[in-house]
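Rule-based calculations on the coordinates, nothing more; no lab input. The model shown is predicted, which means the values in this text are computed figures rather than measured ones. Here the Cβ positions follow ideal geometry from the backbone for every residue, glycine too, while neighbour counts run over all protein chains shown.
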Amino acid sequence: MEIILIIVLVVFALWVYFIPAIVASKRNHRNAKAILILNLCLGWMFLGWVGALVWAFMNDND
C-alpha cells in the first residue's frame, strides 16, 4: 500500500513540475521546446518555474 502511495505522489509531483511544458504543448506554442528546456533546467527554482509558466501562457502572435 505504501509503494502505491509513493508512486501516486511522485507522478503527481512530476505533473505539477511540468505544468508549464504541458500548457505550452497544449497551446501549440512555437517555443514549446524552449519552455520545456527552461522547465527542466530551472524549474526546480520557483522563479524558473513561474517564468516558464508565464512564457507558456504568453501569446506568440507575430
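Quick notes
- Options (1) 12.2, 40; (2) 22.9, 66; (3) 13.4, 51 - which one matches Rg and Dmax of the Cα atoms in Å as calculated here: (3)
- Ranked for footprinting exposure by Cβ neighbours inside 10 Å, fewest first, 58, 45, 1 give 1, 45, 58.
- Full-extension gain in nm, residue 30 to residue 57, via 0.36 nm per residue minus C-alpha separation: 8.6 nm
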